[in-house]
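Following: one structure in structure tokens, then a few remarks.
The values are calculated or read from the model by the stated rules, or taken from the named source; none is laboratory data. For clarity, every value in this text was computed on a predicted model and none was experimentally measured. Please note: Cβ atoms are built from the backbone with ideal geometry, for glycine as well, and neighbour counts cover all protein chains shown.
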């Protein structure tokens, strides 16, 4: 079959969604011997880093479905999956979806007490957990039944699996969760069609560069990995899923597996940018795909200096040095990045520009009363799109609080310029009103410090308002080759707007492990604010520089 025709047919098939892509492709009977998913761990005796064909993947998923069905799992049963390895997350999701159950994927890095409470609130009928996570749940006093160890699921007879469940578009198919930076992660419910909507859109477009061989450096329990898996399957592409997304491990995977594109979050790009990339072979990479939080210019520029890309010129297609970086802004609740912008070594639109909306996105910028704001005015991001989640599982209060006039209020602060480009300045919970028409946007401050201050690998800005006074801390993680004792106060203040600089109480060099992170690598500023209010100074023992206010 002509691949272009197949992509068009899949895009037009309204029965297709994230619950049945694998079984649908197998039923079509074509390309069964083509490589699909690759995992960094062994799968039922199949070696790590060796691709599974479509037929073999279907067989391994059916084996797991047979065991789970024998254990009593039925359609609409929510089942938590809390494991470390990407293979166990992805195969667990595919097997449960095949049964019509609702896999609730839990990031393996969520603390045990939080995970136990999160799973309890789900009302899960059981948990699929590997040994470390089973022990952690037991220590945390979890009362949810331990359903199975993922190591045992592959022992089932694929032929004993029941017929694949018939999904409908608006049915819940998978639950993922938010990053949990402000507390317990929120359970986000995705439907059969919602997580597939952006894939359907992409299938109607020409295939992008680098799509044939992708490295998924994404948290395997995240909605982004569910999308990546189904994007790869529908495009008959190869996807390698790495279980851990630290910079060194991702670079090792790029050198050994030779992907044409790498999918990741901002936290991973930060770690990659902190490595000496000149000592690494990144020649295979054409495209870096970012989702979740938008990425920082300082990190993007370091990545796109490597690899190659194809450009169309008057002389035809030519290969140029330097790769693409596709940026945007998304979240579990949005179901997919709602914006897109492509950077190359020749482009220069930064300053936390997240680009223009996708064709499927209806975007508004609104004030606290829900009224639309004009060009250049910062307000809350409101999204209406077929990719949006159904809401929060077992939490109608939060679901309805975040919906207004058919739009989802994302909790992000953005503005639009005259050319229709959008810029992300902060999360609503982290910004501070300074009075006199000025506001402090912590993420925009971080962007400016990283862009203007040499030797700074990462920057975290935290503002605390008490008794009518705002005190801002600027926490710096430095390149190991930089002078660790130099006073960077002056250059940091120069990078900030005057009304923001006047609030800075200290500029502190800290070790990376002093910055509290959520399971997906996001900084927990809520926790930092609480620590500062309690009098903790993370850099007191290093090189704290008190700034006169």
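Things worth noting here:
- Subset of region 371-390 that is touching a residue at least 60 places away in the same chain (Cβ under 8 Å), touching a strand residue (DSSP E or B) at 6+ places or on another chain (Cβ under 6 Å) and within 28 Å of residue 122 (Cβ to Cβ) - its residue that is surrounded by the fewest Cβ atoms within 10 Å (Cβ to Cβ): 390
- The requirement of being surrounded by 15 or more Cβ atoms within 10 Å (Cβ to Cβ) and assigned to a helix (DSSP H, G or I) is not satisfied by residue 410.
This table checks each residue for (1) farther than 19 Å from residue 441 by Cα; (2) within 21 Å of the chain's Cα centre (by Cα).
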{"site": "368", "(1), (2)": "no, no"}
{"site": "378", "(1), (2)": "no, no"}
{"site": "383", "(1), (2)": "yes, yes"}
{"site": "407", "(1), (2)": "yes, no"}
{"site": "410", "(1), (2)": "no, yes"}
{"site": "417", "(1), (2)": "no, no"}
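- Long-range neighbours under 9 Å by Cβ, at least six apart or interchain, first residue without any contact (Cβ under 8 Å) to a residue 12 or more places away in the chain within region 306-326, second part of a loop (DSSP other than H, G, I, E, B) and surrounded by 11 or more Cβ atoms within 10 Å (Cβ to Cβ): 311/344
- Restricted to helices (runs of 4 or more DSSP H) entirely inside region 1-114, those with at least 3 residues that are without any contact (Cβ under 8 Å) to a residue 60 or more places away in the chain and on the phi < 0 side of the Ramachandran plot are 3-12, 21-28, 54-70.
- Among the conditions (1) buried (at least 20 other Cβ atoms within 10 Å of the Cβ); (2) at pLDDT 95 or above, residue 488 misses just one, which is (2).
- Among the candidates 355, 328, 351, 335, residue that is buried (at least 23 other Cβ atoms within 10 Å of the Cβ), assigned by TED's automatic domain parsing to the domain that holds residue 410, modelled with pLDDT of 95 or more and touching a strand residue (DSSP E or B) at 6+ places or on another chain (Cβ under 7 Å): 335
- Selection status of residue 274, in contact with a strand residue (DSSP E or B) (Cβ under 9 Å, 6 or more places away or on another chain) and at pLDDT 95 or above: no
- Note on region 17-29: residues that are within 11 Å of residue 193 (Cα to Cα) and out of contact with any helix residue (DSSP H, G or I) (no Cβ under 6 Å at 6 or more places or on another chain) amount to 2.
- The lone exception for residue 514 - which of (1) under 21 Å from residue 452 (Cα atoms); (2) at pLDDT 85 or above it fails: (1)
- With respect to being more than 24 Å from the chain's Cα centre (by Cα) and either in a loop (DSSP other than H, G, I, E, B) or within 30 Å of residue 252 (Cα to Cα) (or both), residue 156 fits the description.
- Residue 215 falls short of the stated requirement of being touching a residue at least 60 places away in the same chain (Cβ under 8 Å), closer than 19 Å to residue 337 by Cβ and crowded, with 22+ Cβ neighbours inside 10 Å.
- Any hit, region 240-263, residues being in contact (Cβ under 8 Å) with a residue 40 or more places away in the chain, out of contact with any helix residue (DSSP H, G or I) (no Cβ under 8 Å at 6 or more places or on another chain) and on the phi > 0 side of the Ramachandran plot: yes
- All strands (runs of 3 or more DSSP E) inside region 261-363 with 1 or more residues being within 13 Å of the chain's Cα centre (by Cα) and under 25 Å from residue 229 (Cβ atoms): 261-264, 287-290, 324-327
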